[in-house]
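The values are calculated or read from the model by the stated rules, or taken from the named source; none is laboratory data. Given the structure is predicted, the values throughout are model-derived calculations rather than measurements. Glycine also receives a Cβ, built like all others from the backbone with ideal geometry; neighbour counts cover every protein chain displayed.
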């Protein structure tokens, strides 16, 4: 037999103390009385007058020592090594997303979740095991399966809430293999249900217990923020902001817009219950800087009351068109906004200083290294041409892709196209019955759009959708847009920045003012920083480069802090919130406490009887 | 016996020590000691005796014999019967009242002090007796040389005028020493020339007992009244805890652990002690009174003693 806490044997020092109490003679108060005649013999106690008396045989003493021994033994937590026939496995998923910061629970939804999870730990049996997962922007395994309650408590105490949106599906997918094929496994989800991505998750009969947190939805938040060129005044910038009211009451609030901490405009908003209001602000931007939108409404969730955006001044897009002659394409490229067009009949070495290269049915001497729109010409690394197809009919196109915004392929006829196998790097935007016609994606660090047919052998250049597609393509291929995208991340997502030079270290200043040093592998061309749990502005110093990156919540599902009474899993499954939790609440503490109380009562009663 | 209200003395005016209140004294003047026995004293008094002599109480007739005092002839009877008869009257004698006052160390306890209470009772009974022209002897035990003068003065007090002296001397007494109840009562019984009324004022807390002493008084022919005086703390102690009790008289000690739980047991002990004395007295025709030293004096004297026909 071994002991988990052998230090408890130190309490054995209490045994001599108990014996000493029995050895000690009580100190008596001397009192002069008229006569001892009235104090009969049976009232008297025959005791020696010495401070110590001889230890007499006393059952009370024996019982007390036995009780004390039993208590010390129990405190030492004896155990024996043996085989157990498996206990339950509980997977506790604690939602640490931004909406869990809501203060409608005291002190917050997250703290309440932690408390409930700790109660669950207390209710574990000796044979039970538990896993702690922290679900925020990413799922973190805080504790692998264990029955050690102190380790589980430590893991839960180490959890912290983030500004990131929830990805509950990721956490559930992580928990799924753990509980698979186990009848006695349970997933305990401590969440407010403010997550949008669970419809993609198939339930598959998981035993999920949903501990719903949150009492109300009193929240107004910024759910969208974007800055673009002003559609009507090209010299100015337009800031698009969406403000959502999650509560069921009308709310009045002020929306402030700042540029580099200088107030540009304050607007009073009146939001109807559960309404989302888009707002457009026009601002003149003379330099690269940070736009910040800020809500003044005091509500339960502060994380979504502010959002920032790093805005870089738009630079002209240098486009090189390599063609043997295509006036439609040339005109379409020339009219695309912000384009500086050069036309060549072949691509030669050293023409890397163009942002976008358009290959129109040519086989260039060198393949471009930058972003490319390739029409009927393809590097063998990009696509594998399997043949040709005559008059392919366009059957479908992906309207949700930004490249096909406002683009329609009705009444577009094609004479011929190359047939290819869909490559892994690309998605098919337009499909014929024989082959994908337009592919788009990123191969390596290069953005590519591949068109399988010659535009001059189609009716497409005659349609309005053609110049729109070309304009979309230029915007999508513009590396500065990609670069601008690098400076905006979701809270919780990693910051990835392309490095122009080889570096070994960098420092990051977090929104809360603290600084982190980053070690970079020599030769790495990308800097990755993952600790973006806080929203706000991250400033990176990497060699001669200074980067400013904004991390934002901007998540309508997080802003809608309404506690969900049920979670929808997949298409059909529903998990209702439990008001009562299945838990085995242990009694031993109460029993031990009552044993002590009985011991105390026994002392009191003994003294009352003898006194 | 009867109450004589004549010869008023301004006694109360002279009672400087407030053993008894003037009001109580006035009320005590209206009562008298009732003795079940005929007085046997040789001195004249106001108590009926078996002796014949001069008084106003007619007792009997007897035939005239030569030498009889002609003043006592019943001339009316002679006129009717033509025979000479002598009228006999009851001789009125005094009743010796002996007050045995316990002045041992144990009597100094209590609040109010038992000894003070006992002195007041002694003064009251003594005053009633003096008002009834009886001889009062106060026997204070144990002996204490400190107040020897007062003690010897108290051995024989007679006449209502001496009431003031009685009070004064009672007030001068000091308590101390071990009681020795039996020898004291025995000596008092032996020393008495004539038996009379004996009132024992004591707490009877004597390890040697009291039976022999009371028996001696009864054997001498006394009518005995016992007033058992205990302090309120003795009847119901208020000191609890682990105690080492020291006997004030014997110096002996006893260790007790005393709490409220044992209070009932203690009361039972006290009640048994009192009951034993009460039964001892009842069997022998002795009046027994138990009084706490906090008992109002009027209650003991004018209610309890009257009820038992000690006072009337």
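Regarding region A:109-124, can at least one residue be identified that is at pLDDT 90 or above, part of a strand (DSSP E or B) and more than 30 Å from residue A:247 (Cα to Cα)? Scanning region A:109-124 turns up no residue that is at pLDDT 90 or above, part of a strand (DSSP E or B) and more than 30 Å from residue A:247 (Cα to Cα). Say we look at region B:177-212 and pick out the residues that are crowded, with 16+ Cβ neighbours inside 10 Å and on the phi > 0 side of the Ramachandran plot; which of these is farthest from the chain's Cα centre (by Cα)? Only one residue tops the list, namely B:180. Note on region B:111-166: residues that are part of a loop (DSSP other than H, G, I, E, B) and at pLDDT below 90 amount to 12. Within region B:263-284, which residues are in contact (Cβ under 8 Å) with a residue 60 or more places away in the chain and away from chain A (no Cβ under 14 Å)? If the condition is that a residue be in contact (Cβ under 8 Å) with a residue 60 or more places away in the chain and away from chain A (no Cβ under 14 Å), then B:280, B:281, B:284 are the ones that fit. Counting residues in region B:214-233 that are at the interface with another protein chain (Cβ under 9 Å from one of its Cβ atoms) and out of contact with any strand residue (DSSP E or B) (no Cβ under 8 Å at 6 or more places or on another chain) gives one or more.
The set of residues in region B:78-110 that are within 14 Å of chain A (Cβ to nearest Cβ) and either farther than 30 Å from residue B:176 by Cβ or assigned to a strand (DSSP E or B) (or both) contains only B:102.
Here the condition is being assigned to a loop (DSSP other than H, G, I, E, B), over 43 Å from the mean Cα position of the chain (by Cα) and surrounded by fewer than 21 Cβ atoms within 10 Å (Cβ to Cβ); of A:365, A:434, A:369, A:389, it holds for A:365 alone. No other residue among A:604, A:590 is modelled with pLDDT of 75 or more and within 14 Å of chain B (Cβ to nearest Cβ) apart from A:604. Note on region B:219-244: among residues that are in a helix (DSSP H, G or I) and surrounded by fewer than 18 Cβ atoms within 10 Å (Cβ to Cβ), the one that is modelled with the lowest pLDDT is B:233.
A residue that is surrounded by fewer than 16 Cβ atoms within 10 Å (Cβ to Cβ), in contact (Cβ under 8 Å) with a residue 12 or more places away in the chain, closer than 19 Å to residue A:168 by Cα and out of contact with any helix residue (DSSP H, G or I) (no Cβ under 7 Å at 6 or more places or on another chain) cannot be found anywhere in region A:551-559. For region B:247-262, filtered to residues that are within 7 Å of chain A (Cβ to nearest Cβ) and assigned to a helix (DSSP H, G or I), the residue that is surrounded by the most Cβ atoms within 10 Å (Cβ to Cβ) is B:262. Residue A:49 - would you say it is within 14 Å of chain B (Cβ to nearest Cβ) and modelled with pLDDT of 80 or more? When the stated conditions are applied, residue A:49 does not pass them. The set of residues in region A:210-237 that are closer than 22 Å to residue A:560 by Cα and either in a strand (DSSP E or B) or at pLDDT below 85 (or both) comprises A:210, A:211, A:212, A:220, A:221, A:222, A:223, A:224, A:225, A:226. Output yes when any residue across region A:309-331 is within 19 Å of residue A:561 (Cα to Cα) and assigned to a loop (DSSP other than H, G, I, E, B), and no when none is. No: region A:309-331 contains no residue that is within 19 Å of residue A:561 (Cα to Cα) and assigned to a loop (DSSP other than H, G, I, E, B).
Please enumerate the residues belonging to region A:505-525 that are in contact with a strand residue (DSSP E or B) (Cβ under 7 Å, 6 or more places away or on another chain) and either surrounded by fewer than 12 Cβ atoms within 10 Å (Cβ to Cβ) or in a loop (DSSP other than H, G, I, E, B) (or both). First the steps, then the outcome.
First pass over region A:505-525, keeping only residues in contact with a strand residue (DSSP E or B) (Cβ under 7 Å, 6 or more places away or on another chain): A:505-511, A:515-520, A:525.
Of everything in region A:505-525, those that are in contact with a strand residue (DSSP E or B) (Cβ under 7 Å, 6 or more places away or on another chain) and either surrounded by fewer than 12 Cβ atoms within 10 Å (Cβ to Cβ) or in a loop (DSSP other than H, G, I, E, B) (or both) turn out to be A:505, A:510, A:511, A:515, A:517, A:519, A:520, A:525.
The residue pairs whose first member lies in region B:250-262 and is touching a residue at least 60 places away in the same chain (Cβ under 8 Å), whose second member is surrounded by fewer than 19 Cβ atoms within 10 Å (Cβ to Cβ), and whose beta carbons are closer than 8 Å, counting only pairs six or more residues apart or on different chains, are B:250/B:178; B:250/B:207.
On the basis of being surrounded by fewer than 23 Cβ atoms within 10 Å (Cβ to Cβ) and away from chain A (no Cβ under 14 Å), does residue B:159 make the cut? Reasoning before the result, please.
On the way: surrounded by fewer than 23 Cβ atoms within 10 Å (Cβ to Cβ): yes; away from chain A (no Cβ under 14 Å): yes.
Taking the combined requirement at face value, the residue satisfies it.
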